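Here the structure is laid out as structure tokens; the discussion comes afterwards.
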């Protein structure tokens with residue numbers, strides 16, 4: 001699915017990131033740096049952004065990339081008829097959610113406007129400090145109105161599609177392979193690779209066999225294979241902005257008592273997880289992941305079995321006696337099962353509580369979360385954009401992704417205030433306090449660990465440096 | 001004959017209708033929808049999507065709409081692969097499954113029928129040939145195809161580099177998956193063929209052939225084979241339909257861009273139109289394969305024609 005207004009899967013996004021560029025893009029440390037925009041200005045109230053576009057960026061058919069292409073792309077993303085799942089990325093733009101929900105019919109009232117060919121003006125409904133990170137995301141990339149209208153649903157096929165990035169789409173065998181070719185007219189200079197081929201391989205051990213027999217140069221390792229390849233010189237590992245947590249339904253006894261939730265979190269020794277999964281997972285007690293600003297590993301409840309037992313006693317369940325039968329629910333997959341069994345054993349050992357386990361098929365599990373949230377459940381979250389807000393706003397009172405039924409006005413206020421706070425130190429203070437409420441005081445969730453990407457990369461592949469958003473800029477890669 | 005074929009094809013219509021209806025009902029009973037993801041979509045976005053795909057209409061209306069579009073030959077859009085229709089997906093992936101399935105089918109016929117005949121004939125003088133081929137047959141039936149596939153990859157690709165371990169770029173890529181698919185049906189056919197051939201060899205009419213002094217080759221392949229092969233024909237119809245619509249496991253292991261994987265992934269993704277599409281294609285193939293089997297019967301056995 002290469003329509004960047006509609007693509008949501010990681011494979012499509014990885015390809016789009018290499019054939020297209022937006023206003024900004026992330027550097028190695030995930031700071032948004034100029035791409036098609038050569039710079040931007042922010043008004044004093046933080047609500048208006050003026051993006052100044054390069055004049056030297058061309059589409060692969062030779063036409064210049066203009067501010068109008070961005071305006072069109074954004075309006076199409078927000079058009080209810082497009083039915084884009086990622087329309088919410090631009091909900092901070094003036095009138096965007098009103099237009100996307102159909103309350104407002106006139107797209108000219110949207111806060112995005114091309115002032116001329118090289119100037120794009122964006123008005124926001126509130127001053128969002130991380131907005132230049134949003135414009136690095138594929139869904140916000142420019143689009144050619146004439147191409148989309150001429151080819152309809154088929155506009156992304158090779159031959160129809162036009163792009164502005166370091167590579168162009170040469171061949172696409174749906175659900176099988178994609179071939180990209182170097183774009184000699186790329187404004188940043190022709191990339192060093194002549195062509196790149198992606199294979200869509202469902203079974204990761206098949207991919208690994210192809211890697212070993214010379215069919216692939218880069219491959220992600222299946223979890224089971226990690227121990228055997230860990231000491232291999234071609235093994236590469238990097239942390240991802242992805243957190244793994246267990247949540248509590250705070251409305252269901254006994255988890256309506258925050259002492260019980262604290263006890264459950266304190267009874268877990270998180271060092272166990274990398275030992276079980278063997279993928280170099282980073283144990284975590286705080287929620288904002290490493291690699292993001294405001295990351296603070298000192299936040300969160302440490303492993304403290306005595307303290308946990310004391311809290312449980314205070315809550316009326318001394319030595320686990322009288323604790324009602326509870327079931328922890330997770331979606332079926334080998335990694336989740338290993339973690340769940342370990343948690344079950346630790347709760348038994350440290351709190352003398354028997355927790356039953358129930359695994360469900362993924363979509364069934366999601367329905368269960370929605371309709372009848374279990375007392376304890378497993379979920380994860382991967383960053384949409386590398387700002388703490390993306391992790392912290394999950395658990396605000398009106399977030400659709402907050403399955404815990406937990407509502408805390410102070411938490412909401414802190415997270416809201418951090419979005420508009422311009423000063424990074426000030427933001428960090430707000431997030432520290434919010435994280436303490438989330439993971440130490442109220443504990444609607446217990447973070448467990450941060451995921452890691454495990455790869456094998458051939459030694460002749462140079463310049464391959466994926467960042468924590470798992471974005472790979474192939475324009476920087478060469479073969480020696 | 002033409003009247004017979006037409007009648008059978010007409011009978012296929014209610015069969016397909018029943019398959020479509022039952023699949024439609026079952027897939028909507030299963031909890032979870034196509035757009036339920038880890039990242040819960042905001043309600044206004046969910047509303048846009050449901051409107052686009054008519055998922056906001058009552059189920060009865062969706063059902064009628066689906067059947068109406070089906071009559072027009074429109075299998076609908078895929079939810080998981082936006083911008084692609086179910087027909088696009090089937091047109092793109094069916095050929096690879098057909099190629100692989102046909103190759104596996106031919107292999108299993110050659111190996112199965114061949115081994116069955118050789119076993120049956122050599123049983124008298126040459127017991128070790130019979131014993132070896134029947135032992136292989138037991139192995140073929142009892143080893144699951146994914147185990148065999150993994151073994152073949154390990155030995156013939158990883159260690160000896162004779163064939164590529166996966167992908168779909170030319171004829172040599174089809175050998176390992178075809179062998180993996182063919183092993184079990186070949187083994188089954190070998191056993192059936194052996195039993196059937198042996199019982200035919202005892203028939204009086206064959207003794208007559210021998211007595212008349214017909215050449216052995218003509219006796220075996222003209223007179224005996226024609227009667228002995230009937231059980232294989234019966235088995236071949238559904239086998240062919242199954243093989244050419246693709247195997248999820250084999251396509252997955254060898255990363256083949258075939259249709260088989262959608263029988264599973266479409267259900268996991270709750271991609272309703274795609275589930276319906278591949279199920280209907282499979283049903284059509286079964287109906288056609290059974291029809292072909294019946295036609296073959298009548299060609300092999302004149303008595304069927306008279307009935």
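A single entry from B:218, B:236 fulfils the requirement of being buried (at least 21 other Cβ atoms within 10 Å of the Cβ) and closer than 25 Å to residue B:302 by Cβ: B:236. Of B:271, B:301, all but one fail to be within 12 Å of chain A (Cβ to nearest Cβ) and over 30 Å from residue B:172 (Cβ atoms); the exception is B:271.
Could you name every one of the strands (runs of 3 or more DSSP E) located completely within the stretch A:326-425 that has at least 2 residues being without any contact (Cβ under 8 Å) to a residue 40 or more places away in the chain and in contact with a strand residue (DSSP E or B) (Cβ under 9 Å, 6 or more places away or on another chain)? Reasoning before the result, please.
Details: elements: A:326-331, A:355-360, A:376-382.
Qualifying strands (runs of 3 or more DSSP E): A:355-360.
Take residue A:67 and tell me if it is under 24 Å from residue A:155 (Cβ atoms) and either more than 14 Å from every other protein chain (Cβ to nearest Cβ) or in contact (Cβ under 8 Å) with a residue 12 or more places away in the chain (or both). Yes: the conditions hold for residue A:67. Condition check for residue B:137 on (1) within 14 Å of another protein chain (Cβ to nearest Cβ); (2) at pLDDT below 95; (3) buried (at least 20 other Cβ atoms within 10 Å of the Cβ); (4) in a helix (DSSP H, G or I): one failure, at (1). For the stretch B:1-42, a tally of residues being closer than 24 Å to residue A:362 by Cα and in a helix (DSSP H, G or I) returns 8. Taken together, A:443, A:420, A:452 contain a single residue that is crowded, with 20+ Cβ neighbours inside 10 Å and within 23 Å of the chain's Cα centre (by Cα), which is A:443.
Per-residue answers, yes or no, for (1) more than 30 Å from residue A:383 (Cα to Cα); (2) within 29 Å of the chain's Cα centre (by Cα):
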{"residue": "B:4", "(1), (2)": "yes, yes"}
{"residue": "B:18", "(1), (2)": "yes, yes"}
{"residue": "B:36", "(1), (2)": "no, no"}
{"residue": "B:39", "(1), (2)": "no, no"}
{"residue": "B:64", "(1), (2)": "yes, no"}
{"residue": "B:86", "(1), (2)": "yes, yes"}
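crowded, with 23+ Cβ neighbours inside 10 Å and within 30 Å of residue B:78 (Cβ to Cβ) - does that describe any residue in the stretch A:41-64? No - not one qualifying residue is present in the stretch A:41-64.
Could you tell me which residue of the stretch A:265-282 is surrounded by the most Cβ atoms within 10 Å (Cβ to Cβ), considering only residues that are out of contact with any helix residue (DSSP H, G or I) (no Cβ under 7 Å at 6 or more places or on another chain) and outside any loop (DSSP other than H, G, I, E, B)?
Of the residues in the stretch A:265-282, the ones out of contact with any helix residue (DSSP H, G or I) (no Cβ under 7 Å at 6 or more places or on another chain) are A:265, A:270-271, A:274-275, A:282.
Retained after the next criterion (residues that are outside any loop (DSSP other than H, G, I, E, B)): A:265, A:274-275, A:282.
Values: A:265: 26, A:274: 15, A:275: 10, A:282: 19.
Out of the qualifying residues, it is A:265.
Of all residues in the stretch B:153-200, those satisfying the criterion of being assigned to a helix (DSSP H, G or I), within 14 Å of chain A (Cβ to nearest Cβ) and over 30 Å from residue B:226 (Cα atoms) are B:153, B:154, B:155, B:156, B:157, B:158, B:159, B:172, B:173, B:176, B:177. The set of residues in the stretch A:70-94 that are touching a strand residue (DSSP E or B) at 6+ places or on another chain (Cβ under 9 Å), within 14 Å of chain B (Cβ to nearest Cβ) and under 18 Å from residue A:7 (Cβ atoms) comprises A:78, A:90.
Only one of A:143, A:104 is farther than 24 Å from residue B:78 by Cα, within 14 Å of chain B (Cβ to nearest Cβ) and not in a helix (DSSP H, G or I). Can you tell me which? Going through A:143, A:104 in turn, just one is farther than 24 Å from residue B:78 by Cα, within 14 Å of chain B (Cβ to nearest Cβ) and not in a helix (DSSP H, G or I): A:104. The set of residues in the stretch A:366-380 that are surrounded by 20 or more Cβ atoms within 10 Å (Cβ to Cβ) and within 8 Å of chain B (Cβ to nearest Cβ) comprises A:366, A:379.
Entry remark, the stretch B:37-73: residues being within 14 Å of chain A (Cβ to nearest Cβ) and over 30 Å from residue A:246 (Cβ atoms) number 9 in total. Scanning the stretch A:307-360 for residues that are over 28 Å from the mean Cα position of the chain (by Cα), closer than 14 Å to residue A:378 by Cα and exposed (fewer than 14 other Cβ atoms within 10 Å of the Cβ) yields a count of 2. The number of residues in the stretch B:210-267 being within 14 Å of chain A (Cβ to nearest Cβ) and in contact with a helix residue (DSSP H, G or I) (Cβ under 7 Å, 6 or more places away or on another chain) comes to 19. With respect to (1) touching a residue at least 12 places away in the same chain (Cβ under 8 Å); (2) away from every other protein chain (no Cβ under 14 Å); (3) part of a loop (DSSP other than H, G, I, E, B), the lone exception for residue A:435 is condition (3).
Restricting attention to the stretch B:248-307, the residues that are surrounded by fewer than 21 Cβ atoms within 10 Å (Cβ to Cβ), under 21 Å from residue B:181 (Cβ atoms) and more than 17 Å from the chain's Cα centre (by Cα) total 1. Only a single criterion out of (1) surrounded by fewer than 19 Cβ atoms within 10 Å (Cβ to Cβ); (2) within 14 Å of chain A (Cβ to nearest Cβ); (3) in contact (Cβ under 8 Å) with a residue 40 or more places away in the chain is not satisfied by residue B:100, namely (1).
Here residue B:45 fulfils each of the conditions (1) part of a helix (DSSP H, G or I); (2) touching a helix residue (DSSP H, G or I) at 6+ places or on another chain (Cβ under 6 Å); (3) surrounded by fewer than 19 Cβ atoms within 10 Å (Cβ to Cβ) apart from (3). Scanning the stretch A:234-253 for residues that are at pLDDT below 95 and not in a strand (DSSP E or B) yields a total of 2. Among the residues making up the stretch B:279-294, a single one is more than 13 Å from residue B:12 (Cβ to Cβ) and modelled with pLDDT under 90: B:293.
Taking the condition away from chain B (no Cβ under 14 Å) and in contact (Cβ under 8 Å) with a residue 40 or more places away in the chain, does residue A:192 pass? Against the criterion (away from chain B (no Cβ under 14 Å) and in contact (Cβ under 8 Å) with a residue 40 or more places away in the chain), residue A:192 qualifies. Looking only at residues of the stretch B:71-92 that are in a helix (DSSP H, G or I) and in contact with a helix residue (DSSP H, G or I) (Cβ under 7 Å, 6 or more places away or on another chain), we find that the one that is surrounded by the most Cβ atoms within 10 Å (Cβ to Cβ) is B:86.
Can you find, within the stretch A:283-306, the residue that is farthest from the chain's Cα centre (by Cα) among those that are part of a loop (DSSP other than H, G, I, E, B) and under 14 Å from residue A:245 (Cα atoms)? Among those that are part of a loop (DSSP other than H, G, I, E, B) and under 14 Å from residue A:245 (Cα atoms), it is A:301. Listed conditions (1) in contact (Cβ under 8 Å) with a residue 24 or more places away in the chain; (2) at positive phi are all met by residue B:232, apart from (2).
For the stretch B:13-36, give me each residue that is within 13 Å of chain A (Cβ to nearest Cβ), surrounded by 13 or more Cβ atoms within 10 Å (Cβ to Cβ) and more than 13 Å from residue B:276 (Cβ to Cβ). Break it down stepwise before answering.
As a first pass, look at the stretch B:13-36 and keep what is within 13 Å of chain A (Cβ to nearest Cβ): B:27-36.
Filter once more, so that each one left must be surrounded by 13 or more Cβ atoms within 10 Å (Cβ to Cβ): B:27-28, B:30-36.
The answer is B:30, B:31, B:32, B:33, B:35, B:36.
The values are calculated or read from the model by the stated rules, or taken from the named source; none is laboratory data. Every value quoted in this text rests on a predicted model; they were computed, and no experiment measured them. Cβ coordinates were reconstructed from backbone atoms using ideal geometry, including for glycine residues, and neighbour counts include every protein chain displayed.
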